[in-house]
Amino acid sequence: MDKERIITRIEDCGVVAVVRAESTDKAERIVDACMEGGVAAIELTFTVPHADKVIEALAKKYDPDDIILGAGTVMDAATARIAMLSGAQYIVSPCLDIDTVKMCNRYRVAVMPGIMSVTEAVRAMEYGADILKIFPGDLFGPRIIKDIRGPIPYAKMMPTGGVTADNVGEWIRAGAVAVGAGSSLTAGAKTGDYAAITETAKRFIDNIRAARAEL
């Protein structure tokens, strides 16, 4: 699928579920719960052993028109390529690794490197980053989006870290094109309460829509 369409679908959804699952079965249950709540963008992190195998299994199970499947915590270009070959449609990094950005651009895969300053934002965009991952988002809060958009109003940013269903509206109103949500969205998986994930996903979607309606 064309990377521009992937980016548009992520922006339309407004929230990327950051999934850390030790098994394919658990990952599938989290994904099902998120999708039922309206969150189709899934980021499977490489902090999980054999994450590439889990991504491969998810890519085979779900229709690409129904899910936006990506790989997260990608620290280098080699891991990015493994993720792509496993079926990842976009790559997310906690930091700005230029070789990773170049690798993604080589294969026209959407890439979202982590940044935390105007200098990093400009550098990432110069190398072709599609969306800037503001990480850790809770370090400065929504004001960092406004501050970066001051000199760079055309920057597309997605905060991750500290984003909850309660404060997601603040991030959207500050200018975020989407947000990344980990434990604040998927915490129910720890106790087997997948229904809670679905309900939280619905709250994220509802609050994002409400915030966008105010813009």
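Taking amide H as placed 1.01 Å from N in the peptide plane, the amide H of Cys95 sits under 5 Å from that of Gly114, each at least 5 places away or on another chain.
Which whole-number percent is the relative contact order of the chain (Cα, under 8 Å, 6+ apart)?
On the way: 422 pairs, mean separation 45.6, N = 215.
Averaging sequence separation for qualifying contacts and normalising by length gives 21 percent for the chain.
Here the calculated FRET efficiency for Asp99 and Thr8, from their Cβ-Cβ distance with R0 = 22 Å, stands at 0.25, rounded to the nearest 0.05.
Mind checking which helices in the chain clear 30 Å along their axis (Cα) and have mean Kyte-Doolittle hydropathy of -1.0 or more, DSSP H runs only? Let's see the in-between values first.
Details: long enough: 194-214 (31 Å, -0.33).
Within the chain the helices that satisfy the rule are 194-214.
Here Ser184 sits with roughly 40 square angstrom of accessible surface, probe radius 1.4 Å. Computed from the C-beta positions of Arg143 and Lys202, the FRET efficiency with R₀ = 30 Å rounds to 0.65.
In the chain, the DSSP beta bridges split such that about 0 percent are antiparallel, to the nearest 5.
Compared with the rule-of-thumb size 2.2 N^0.38 Å for a compact globular protein, the chain has a Cα radius of gyration ratio of 0.93.
Distance from the alpha carbon centroid of the range 32-102 to that of the range 105-182 works out to 18 angstrom.
Listed peptides 39-47, 121-129 appear in the order 39-47, 121-129 once ranked by packing, highest mean of other Cβ atoms within 10 Å at the front. Database remark: amide H of Asp130 closer than 5 angstrom to the amide H of Val111 (H placed geometrically; neighbours at sequence offset of 5 or more, or on other chains; Pro and chain starts carry no H). Averaged per residue, the chain has 43 square angstrom of accessible surface, using a 1.4 angstrom probe with ligands and nucleic acids left out. Within the range 38-57, which residues have the backbone N less than 20 Å from the label spot 7 Å out from Asp65 along Cα→beta-carbon, could you tell me? Counting backbone N atoms under 20 Å from the label point, the list is 38-42.
The values are calculated or read from the model by the stated rules, or taken from the named source; none is laboratory data. Computed from a predicted model, the values in this text were never measured in an experiment. Cβ atoms come from the backbone with ideal geometry, glycine included; neighbour counts cover every protein chain shown. Surface accessibility is based on the protein's heavy atoms, side chains included, excluding ligands, DNA and RNA. Shrake-Rupley method; radii C 1.70, N 1.55, O 1.52, S 1.80 Å.
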